[in-house]
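For reference, the structure is listed below as structure tokens.
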Amino acid sequence: MELILATSNDGKIREMARLLDLPGLEIRTFGDFDRWPDIEETGETLEENALLKAESLRDSLGMPALADDSGLLVDHLGGRPGVTSSRYAGPEGDSDKNMERLLAELKGVPETGRTARFACVMALALPGGVTRLTRGECEGTILTERHGAGGFGYDPVFRPVGFDRSMAELSIEEKNAISHRGKALRAMKEVIEHLPGSG
């Protein structure tokens with residue numbers, strides 16, 4: 001089975017390919033195609049955006065497609081940045097500016113009020129209009145400053161529950177074991193394993 005990963009984010013591609021290590025599954029990415037659809041994320045929820053990306057890619061390229069939409073949900077901010085996480089500080093999707101805005105909005109908020117979670121929804125769009133959804137979450141706290149150089153996105157300012165380090169300071173193995181994307185991917189891996197014709 002060939003499967004397109006509906007992202008051009010190298011960090012996401014590495015994480016997804018590492019966890020989807022199924023026999024007979026051939027991963028395809030944006031670099032394998034001459035044309036790649038420009039998909040506008042107009043959904044109001046993570047589920048809507050993940051479905052939109054997966055189904056658009058499947059319909060455009062004629063192959064099964066797996067898309068995710070992830071967001072950081074901060075309780076003090078009423079769930080923001082949420083679906084706008086990657087473009088929180090502007091449409092250019094600058095992670096540094098996104099973190100700057102987040103830290104500024106939480107300035108002076110005590111640790112007890114800085115609870116948050118990463119959420120990830122995976123959408124698998126198959127030929128014939130069939131789709132499958134999985135979801136994973138990782139609870140944590142927003143730090144007052146950045147720590148670590150690993151990961152991507154908001155990882156340097158997010159400390160997962162049970163750790164004294166930021167997500168950006170964890171090894172890839174530690175991160176995959178607890179991350180929202182890791183949880184959603186492991187659930188999706190089970191879905192793919194049980195598809196007709198997948199063995």
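Nothing in this text is a laboratory measurement; each read-out follows from the coordinates by a stated rule. Just so it is clear, the structure is predicted and the values come from calculations on it, not from any experiment. Using ideal geometry, Cβ is built from the backbone for each residue, glycine included, and neighbour counts are taken over all protein chains shown.
Please state the equivalent ellipsoid semi-axes for the stretch 31-123: what are the square roots of 5 times the Cα gyration tensor eigenvalues, largest first, in whole Å? If you can, show how the numbers build up before the last one.
On the way: eigenvalues 188, 40, 17 Å².
Gyration-tensor ellipsoid for the stretch 31-123: 31, 14, 9 Å.
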Output ³J(HN,Hα) for the stretch 176-187: one whole-Hz value per residue in order, computed from phi by the Karplus curve 6.51 cos²θ - 1.76 cosθ + 1.60 with θ = phi - 60°, and x for Gly and Pro. 5, 5, 10, 5, 4, 5, x, 5, 5, 5, 5, 5
What's the FRET efficiency of Arg146 with His194 using the Cβ-Cβ distance as r and R₀ = 41 Å, to the nearest 0.05? 0.50
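Write out the GluC sites (Glu not before Pro) in the stretch 62-170 meeting two conditions: DSSP loop, and at most 16 other Cβ atoms within 10 Å of their Cβ.
Numbers: sites: Glu92, Glu100, Glu105, Glu111, Glu137, Glu139, Glu145, Glu169; in loops: Glu92, Glu145.
Qualifying residues, ordered by number: Glu92, Glu145.
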Could you give me the ³J(HN,Hα) list for the stretch 148-164, computed from phi with Karplus coefficients 6.51, -1.76, 1.60 and θ = phi - 60°, whole Hz, x at Gly and Pro? x, 10, x, x, 7, x, 8, 3, x, 10, 10, 10, x, 4, x, 10, 9
Whole-Hz Karplus couplings 3J(HN,Hα) for the stretch 21-27, θ = phi - 60° and coefficients 6.51, -1.76, 1.60, Gly and Pro as x, run 8, 9, x, x, 8, 9, 7
Taking 8 Å as the Cα distance limit and 6 or more residues as the minimum spacing, I'd like the relative contact order of the stretch 2-193 as a percentage. 19
Which residues qualify? For Ile4, with a placed amide H closer than 5 Å and at least 5 residues away or on another chain, they are Arg28, Ala65, Leu66
Positive-end residue of Phe30, Leu20, Ala54, charge dipole of the chain with Cβ unit charges: Leu20
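What order, most packed first, do the peptides 155-162, 116-123 have when packing is the mean number of other Cβ atoms within 10 Å of each residue?
Values: 155-162: 20.5, 116-123: 24.4.
Ranking, from highest mean packing down: 116-123, 155-162.
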Assuming 0.36 nm per residue, please report the length gained on full extension of the stretch Glu44 to Asp32 beyond their Cα-Cα distance. 1.3 nm
Going Cα to Cα from Lys189, which lysines come in below 21 Å? Please leave out same-chain ones fewer than 8 positions away. Lys12, Lys53, Lys175
In the stretch 149-191, the trypsin sites (Lys or Arg not before Pro) that sit in a DSSP loop and have at most 15 other Cβ atoms within 10 Å of their own Cβ are Arg165
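If you keep only loop residues by DSSP, which trypsin sites (Lys or Arg not before Pro) in the stretch 19-111 have at most 12 other Cβ atoms within 10 Å of their Cβ? Numbers along the way, then the final one.
Values: sites: Arg28, Arg35, Lys53, Arg58, Arg87, Lys97, Arg101, Lys107; in loops: Arg35, Lys107.
The qualifying sites are Arg35, Lys107.
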Using the Cα centre as the reference, give the magnitude of the dipole from point charges on the C-beta atoms of the chain (Lys, Arg: +1; Asp, Glu: -1; all else neutral), rounded to the nearest 20 debye. 320
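How large is the translational diffusion coefficient of the stretch 2-193 in µm² per second when you combine the Kirkwood radius over alpha carbon pairs with Stokes-Einstein at 10 °C and 1.306 mPa s? Walk me through the numbers on the way to the answer.
Values: Rh = 17.0 Å.
Reported coefficient: 93 µm²/s.
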